[in-house]
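> Below is one structure. I have some questions about it.
We did not get these values from a lab; they are worked out from the coordinates using the rules stated. Nothing here was measured: the structure is a model prediction, and the numbers come from that model. Every residue, glycine as well, gets a Cβ built from its backbone with ideal geometry; the counts of neighbours run over all protein chains shown.
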Amino acid sequence: MPAVHSTDEQTRAVLDSADNGPIVIVNLVRYKEKAAYAPDSEEYGKGLSGRQAYLRYADEFMKLMADHGARSLLEAETETYLIGEGDWDLVWTNYFPSRDTFRAVVTDPRYQAFVHHRLAGLESQDAIVTRPMVP
C-alpha cells in the first residue's frame, strides 16, 4: 500500500525495540512527477521535479547521518526489474550503528530544516528495517 509516513505503530516498533544493535534501512522510493512545495516555501513555483526535490532531501540527510556516525550504503536509481513488476524510482540503503543513532538523526533539530524536500518530492515509499546478519 503506498505510504509517505510511518504509522505510530510502525514507529514504536522500530524505536522501542529492545535490540539496539545496528540496522540497515532499505528505502524503496517513488518520486512525484512534479515537486509539490507549500506556497510559503522558497522553492514553491520553481518547477522542480519530484526527483530533484527528493534528492535535495537525500543529500542533506546523508550529511546529517554522517554527523551521527551513520552512512549511506547505496543510493541507486532503478534501471529495470529482473523479477517482479515494481514501480520504484530509487533504492537507498542507510546503515545506522544502533537504533539510538537512527533516533538521534530523525529527531535532530536540523532535520526539520530540510524534510520539506522529502514531502515535496515523494509520491510513496517502503522503508524496510533490517538487522545485518554479518558483523
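> Taking 0.36 nm per intervening residue step and subtracting the Cα-Cα distance, what contour gain separates residue 126 from residue 114 on full extension? Present the calculation step by step, with values, prior to reporting the outcome.
Working: separation 12, 0.36 × 12 = 4.32 nm, distance 2.00 nm.
The residue 126-residue 114 span can extend by a further 2.3 nm.
> While we're looking at this one, here's another question. Any lysines with Cα under 22 Å of the residue 46 Cα? List them, leaving off those in the same chain fewer than 8 positions away.
The qualifying lysines are 32, 34.
> Need one number: the % of Cα-Cα pairs in segment 19-130 sitting beyond the 23 Å mark. Write out the running numbers ahead of the final one.
Values: 1944 of 6216 pairs.
Value for segment 19-130: 31 percent of Cα pairs lie more than 23 Å apart.
> Using amide H atoms built 1.01 Å from N in the peptide plane, name the residues 5+ places from residue 31, or on other chains, whose amide H lies under 5 Å from its own.
It is 89, 123, by chain and number.
> Counting Lys +1, Arg +1, Asp -1, Glu -1, what net charge surrounds residue 78 among other residues with beta carbon under 10 Å of its beta carbon? Could you put the intermediate results ahead of the total?
Details: positive: 30; negative: 77, 79, 87, 89.
Result for the neighbourhood of residue 78: -3.
> In the chain, what % of DSSP beta bridges are antiparallel (nearest 5)?
Details: 22 of 22 bridges.
The antiparallel proportion sits near 100 percent.
> While we're on this one: As an exercise, use a Förster radius of 35 Å and the Cβ-Cβ distance of residue 49 and residue 107 to find the FRET efficiency, rounded to the nearest 0.05.
Between residue 49 and residue 107 the formula returns 0.75.
> Here is a follow-up. Can you tell me the dipole magnitude for segment 31-99 around its Cα centre, using point charges on the Cβ only (Lys, Arg +1; Asp, Glu -1), in Debye to the nearest 20?
Details: 8 positive and 13 negative charges, 43 e Å.
Roughly 200 debye, rounded to the nearest 20.
> Also, quick follow-up: So if R0 is 35 Å, what FRET efficiency would residue 93 and residue 33 give, r being the distance between their Cβ atoms, rounded to the nearest 0.05?
Values: r = 25 Å, r/R0 = 0.71.
That pair, residue 93 with residue 33, gives E of 0.90.
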